[in-house]
Structure formats: structure tokens, C-alpha cells
Amino acid sequence: MCAISGIVDAALAPENARDVIGAMNLCQARRGPDGEGVFVDFPVALGHRKLAVISPQNGDQPLFNETRDVVAVVNGEFYDYKAIGEKLRKRGHVFTTQSDAEILIHLYEEYGIDCVRKLDGMFAFALYDKAKRRILLGRDKLGKKPLLYRLLPGKLCFASTLDAMRCAPDFSEELDREAISDFLSFGYIPHPATVYRQIRKLPPAHTLIFDLASGKGAVSRYWQCDFSEKSPLSFSDAARELRKRVENAVSKRLQADVPLGIFLSGGIDSYLIAATAAKQLKGKKCDLFTIGFPERAYDESDASCRHFKLLKEINPNLRHHLRQIDPEHFNLIDFCSSHFGEPFADASMIPTHLLSAFAAKEVTVALSGDGADELFGGYDRYRAIETMARFQRLSPVMRQAVLLLAGLLPAGGERTFCGRAHRFFNGFAATSMRSYFNWLDRAPEDKRQLLYGRRAGVSPYRHFETFSFTAQGDAEMMAEFDLANYLCADVLTKVDVSSMYYALEVRSPFLDDAVVDLSRQLPWRFKVDGSSRKKILCAAFADLLPSSFKRSRKRGFGVPVALWLRSAWKDFAGEELLHGALSRTCVVDPFGVRRLWNEHQSGEADHSYLLWHLLILSQFLGRN
């Protein structure tokens, strides 16, 4: 796990290119505190920061092939590197390190640009082929590791972070107003856009090939998660196969030459990963980490402690680390949000940052349960889509009566019954897809008009309209969209940025290629059936699951934004929103912001999500 950077710029002298890469490396030092490397071959320069996880003593980069005409820098892990390495050695390839990253170069020698299809892991890489005079950039299938780039005529720049990209020559601070509009709706900026007009994210499962002779680059997809193909397996056979694949995925991710731990919440996903790992560790020591909160609606520490007692029965040498956190201080918001390089407003970044800082004091690698919700139907909104379909079959009179009654409900916080009911009924629209967007959209059209007026621009709904769905049913289509967008741009970005700030590598067994491949082939009824979520996952691990999971409801990993904006964060947030950078720019109308703030404070409406997004945007503008 590391950070990479690079430039192709004929206008730079070699010594200046080395200085630029040095500056980019320095910006990414926290992601790789164990060493750095620089390679210059005019007009190409590559950089690398190292976090030693596999073979700490001899995993330095850049890496070279036998003839030193193929050079690569890699961020991430290849889990099947030993088996692949053995096959490549039999074909005559000579390895000079024990690092997992070295298989990339030799796979490229065998398969060319198709080498990316042979990789299993989380990765972003850059490979320079001197003979063919081309640069190959690649990113893993689900976007677990970041890769940003700027492509200009005859020039290429790339890095793991936006801060490093700012070190490149001719960096432009021109903002992408459309991306900012998307951010206000979603709380993140969907790929391939960034907050800067000239900089783009390489999407998951894509490569970029830059030809030095022509000075042109082309981005292309090498894989898509196709939900149209369904497995003939019965439910019981599929459950057994799922368990086998998850167990194998955990086994691969327990390979490390550094201390390793597990994130443990009160939910099913992290518990199953911990239970599976506990069995495989066979009495070896392992640390589990939990963050607790003072608000009961958000706190899972009691449940995690109960689950730890069960895990101790599997492996007595497990140790549980629990820290109660009250992350109300405003400076913590600015501290966490500043590391993303662009506006990012998933409030769970705060506990994720705190959990990463907590765990990094003990371990270098941690396993998590990320991805199970998208793969196995864990979100409430999937069941809401199915409920809405049944609602639409009611008579028009009945539908109108229900909506009128719903309108009488008082405003509530995001995790109250009233708050959930308002979101559910306000999301209704002509189509299920539009309804799903409405549930996700934190800046609906009336709010956009208030903030932008006639400058409202293109609706963020275009991301749904242009998406190439392969799934058939409404709920599965939404899960497919989340897997390709929300998981990468929000969940995995949050985890990567938060953990790597503390030089902590987080691995997600549920996102293993084989697990994802099976999941996409499973009928939706295997995942969600009536009130049951993650049905097949629970069936696959029934012997490990306590009965308490059947009675518990999903909470997620968040903070009470609505409450704290009216209490602990009120003074700080009000000052920032009404008098900070947002009020001094032309990005949104400050009078619209003031109206939203006043309505929220009076209790007339709950604008917490949109105000939170505006707050993060204001902080970003103030830092730039």
C-alpha cells in the first residue's frame, strides 16, 4: 500500500522533473512513510511512496523487468501474487524482490495491456514501456485505490491524491461548477469528475494509455459487473459456495508481514469477517477495534461487545479495543474533510478517521466488512423501492390519502421514524429510478433554485439516465448503480483517505473478485426477501450468527448531523455558513443559504444534509 505519481512533460528539464516528483512524493508521504523512489527518463518521471506490508525489507519501487525497459509504480495489493509469480517463473521470468507488486511487470511482458485483467486485488498503477513509448495507467475493478490524472496535448500528470496533483506544473484552480452541483446532491463528486475542471479520476475498471509519440491518451473500460447472467445454483448450493468464497477471500487478506487487526461494529458484516478470521487464525493473536458514540441511535458499542464475547469462544487470543468518542468539536470536521482534496461530506468520515487513528497505533493492516450492503441488499432503500412498487398498485384515491397523512408528520432527524417517513414519501415520482434518485438527492430542484436561481445547470439525475444498467428488477438496478458509483466514490474513498492518512491499510474481503462475481449472478430474491436483508449471507454463515442479529436493525456508521447543527455545532457552523468563504464567493446565493439555515434552526424543516454539504463546501473554498 503506497502512493504513486508521475508526469510526462517535454517542457521540463530532467532535474526540474525530479524536483516536481519529489514535491508530489512529499505531499503523499503519510500514505507511504517507509520510503520513496523516483525514476526519470526524459520526458517521463515516476514517483512512489512506500508503506511496507508485504516483504518490508525489499519492496522498494519503482520496479523494473529483467532488461529494465519496463518500469512500474504500484499502489495497493495483489492477493494472488505467489501463485501468479510461480507460473511466471516457470515461463522464465526472473524476480528480484518478494514484493507482490512485481508480478505486474512480468504479467505485462506476457500479456501487454491485457495484464490488468489478470490482477486480483486493490490497486492503482502506472507502467512505462520504453520500447513502445507508452504509459499504461490502471485501476482495480471496484475503485478501492484512487488514481487521478490530467491529460493535456503532449502532457500527462497523475497521482494518488489531489494535493499531489496541485504540485504539477501549470496546475489550474478553475473549479468545475457542475461537479460542485453534483456534490451538493450526493455529498461526493461522482467519477470521472473532480472539483477541478482539468483533473479527472480514472474510473474503476478502466485503463488510460498515453502514447508519447502522438502525445495523446485514451481511457477505456476493461471490465463490467454484468448482472444479466444468473447462476442456476439452488439457494442452498449458492449459500455454500458463497461461504467458501468469503472464507477464501478472508484467508488471502490475512497475509501480511506486519501486525493485522479487524474493524468490529455492531452489524453483521464486520462480525462475519471477524468470525471467519478468528477461525482461520487458529489461536493466533488479533486485535479488534470499535468506536462508540454517546447517542444511542448511533452507538453500536454494546452490540460489538456482545459479539466480541462470541468471537472469544472461537479464538481466545482475540483482543478488543473500544474507544468512546464524542466527535462534536468543529475543528474535527475541518481536520477530517481537509484530507480529501475536494469537497466530501459523508459525515461518517469522522468516526472512520477516529477509528483509523485508533487502530493504527496497534496495527498496519485492518480487515473491514465494506461492500456487503451493495452486494447483498443491505440498504433500507432497496426494500423501499419494492415497497413503493406495491404502493403504486393502490388506487389513486388510496395513494393520495396516504400521501396526505404522511404530510402531516412532523419534521424529524435523519434516524427518527418521522424523518425516514418523510424521505420515503418525498421520494415518490413517476418511475422507480427517479424515486431512487430523489431519496439520494440532498439538493432537490426547489433547493437548487434557491441556491442557484437561473444558474441551476444540469441536473445530477443525468448520472442515472446515462448509466448502462445490466440488472432487470428495480431494486437490483439500484444496487448495481450503488456498486458502480456510491461504493467507489463515497464508501471506498472515505475508507482509503481516512486510513491512509494514518498509514493504515484496510482490506475488504467481501469485495474479493470471486465474491463479487458470485453475487452478481444471484437472483435478487436470494438477497432480499420481504423483511429479510442479506438473506443468503445470513444463510451461508448461519452457524456463526447469534440470534440477536435477527432482531437488530441496520444503523450504519454516522453522526447525528441534524441534532448537532442545532446544538454542539450551531455556533461554529452558523459562522462558517453565513460569514465564511461560501458567503464571499459566487458559487451559491448566500441569501438562499441563510434561509435554509434559519428554517433548520427554527425546526420548520430538516435541511441538515444540505447544510452539512454547504458547510464542507465552504471549508473547502476557504482553504483554496
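Quick look at the values:
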{"quantity": "Residue in segment 265-277 that is assigned to a strand (DSSP E or B), within 30 Å of residue 536 (Cβ to Cβ) and not charged (D, E, K, R) present", "calculated": "no"}
{"quantity": "The lone exception for residue 192 - which of (1) modelled with pLDDT under 95; (2) touching a strand residue (DSSP E or B) at 6+ places or on another chain (Cβ under 8 Å); (3) farther than 29 Å from residue 131 by Cα it fails", "calculated": "(1)"}
{"quantity": "Counted residues, segment 225-262 - those being in contact (Cβ under 8 Å) with a residue 24 or more places away in the chain and either more than 17 Å from residue 535 (Cα to Cα) or of a type in the set (Lys, Arg) (or both)", "calculated": "25"}
{"quantity": "Options 251, 220, 236; residue that is within 23 Å of residue 509 (Cβ to Cβ), open to solvent by 10 Å² or more (accessible area, probe 1.4 Å), under 23 Å from the mean Cα position of the chain (by Cα) and small (Gly, Ala, Ser)", "calculated": "251"}
{"quantity": "Near pairs, Cβ below 7 angstrom, 6+ apart or cross-chain, from segment 530-550 (more than 23 Å from residue 388 (Cβ to Cβ) and assigned to a helix (DSSP H, G or I)) to any residue that is open to solvent by 30 Å² or more (accessible area, probe 1.4 Å) and at pLDDT 75 or above", "calculated": "536/235; 538/545; 540/243; 548/306"}
{"quantity": "Meets criteria (among the polar types (S, T, N, Q) and surrounded by fewer than 21 Cβ atoms within 10 Å (Cβ to Cβ)) for residue 466", "calculated": "yes"}
{"quantity": "Residues within segment 89-107 that are surrounded by fewer than 19 Cβ atoms within 10 Å (Cβ to Cβ) and not in a loop (DSSP other than H, G, I, E, B), tallied", "calculated": "2"}
{"quantity": "Matching strands (runs of 3 or more DSSP E) fully within segment 119-222 where at least 2 residues are of a type in the set (Gly, Ala, Ser)", "calculated": "121-129, 216-221"}
{"quantity": "Sole exception among (1) farther than 30 Å from residue 514 by Cα; (2) modelled with pLDDT of 95 or more; (3) assigned to a helix (DSSP H, G or I) for residue 112, by number", "calculated": "(1)"}
{"quantity": "Residue in segment 8-29 that is under 29 Å from the mean Cα position of the chain (by Cα), among the acidic types (Asp, Glu) and more than 30 Å from residue 245 (Cβ to Cβ) present", "calculated": "no"}
{"quantity": "Pick from segment 144-196, criterion open to solvent by 20 Å² or more (accessible area, probe 1.4 Å) and among the aromatic types (Phe, Trp, Tyr), ranking: nearest to the chain's Cα centre (by Cα)", "calculated": "186"}
{"quantity": "Condition check for residue 215: of a type outside the set (A, V, I, L, M), surrounded by fewer than 18 Cβ atoms within 10 Å (Cβ to Cβ) and modelled with pLDDT of 95 or more", "calculated": "yes"}
{"quantity": "Number of the exception - residue 458 against (1) assigned to a helix (DSSP H, G or I); (2) farther than 22 Å from residue 143 by Cα", "calculated": "(1)"}
{"quantity": "Selection from segment 472-488 of residues that are open to solvent by 10 Å² or more (accessible area, probe 1.4 Å) and either outside any helix (DSSP H, G or I) or among the small types (Gly, Ala, Ser) (or both)", "calculated": "472, 473, 484, 485"}
{"quantity": "Hey, residue 496 touching a residue at least 24 places away in the same chain (Cβ under 8 Å) and open to solvent by 30 Å² or more (accessible area, probe 1.4 Å) or not", "calculated": "no"}
{"quantity": "Residue check, residue 572 crowded, with 22+ Cβ neighbours inside 10 Å and closer than 17 Å to residue 347 by Cα", "calculated": "no"}
{"quantity": "Given (1) in contact with a His (Cβ under 9 Å, 6 or more places away or on another chain); (2) buried (at least 16 other Cβ atoms within 10 Å of the Cβ); (3) in a helix (DSSP H, G or I), index of the condition residue 599 fails", "calculated": "(2)"}
{"quantity": "Residue 38 vs. criteria at pLDDT 90 or above, farther than 22 Å from residue 166 by Cα and surrounded by fewer than 24 Cβ atoms within 10 Å (Cβ to Cβ)", "calculated": "no"}
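Quick grid of which residues meet (1) modelled with pLDDT under 80; (2) open to solvent by less than 10 Å² (accessible area, probe 1.4 Å); (3) part of a helix (DSSP H, G or I):
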| site | (1), (2), (3) |
| --- | --- |
| 358 | no, no, yes |
| 387 | yes, no, yes |
| 405 | yes, no, yes |
| 411 | yes, no, no |
| 438 | no, no, yes |
| 446 | no, no, yes |
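The values are calculated or read from the model by the stated rules, or taken from the named source; none is laboratory data. Note that the coordinates shown come from a computational prediction; the quantities given were computed from them, not determined experimentally. Cβ coordinates were reconstructed from backbone atoms using ideal geometry, including for glycine residues, and neighbour counts include every protein chain displayed. Note: accessible area is taken over every heavy atom of the protein model, side chains too, but ligands, DNA and RNA are not part of it. Shrake-Rupley method; radii C 1.70, N 1.55, O 1.52, S 1.80 Å.
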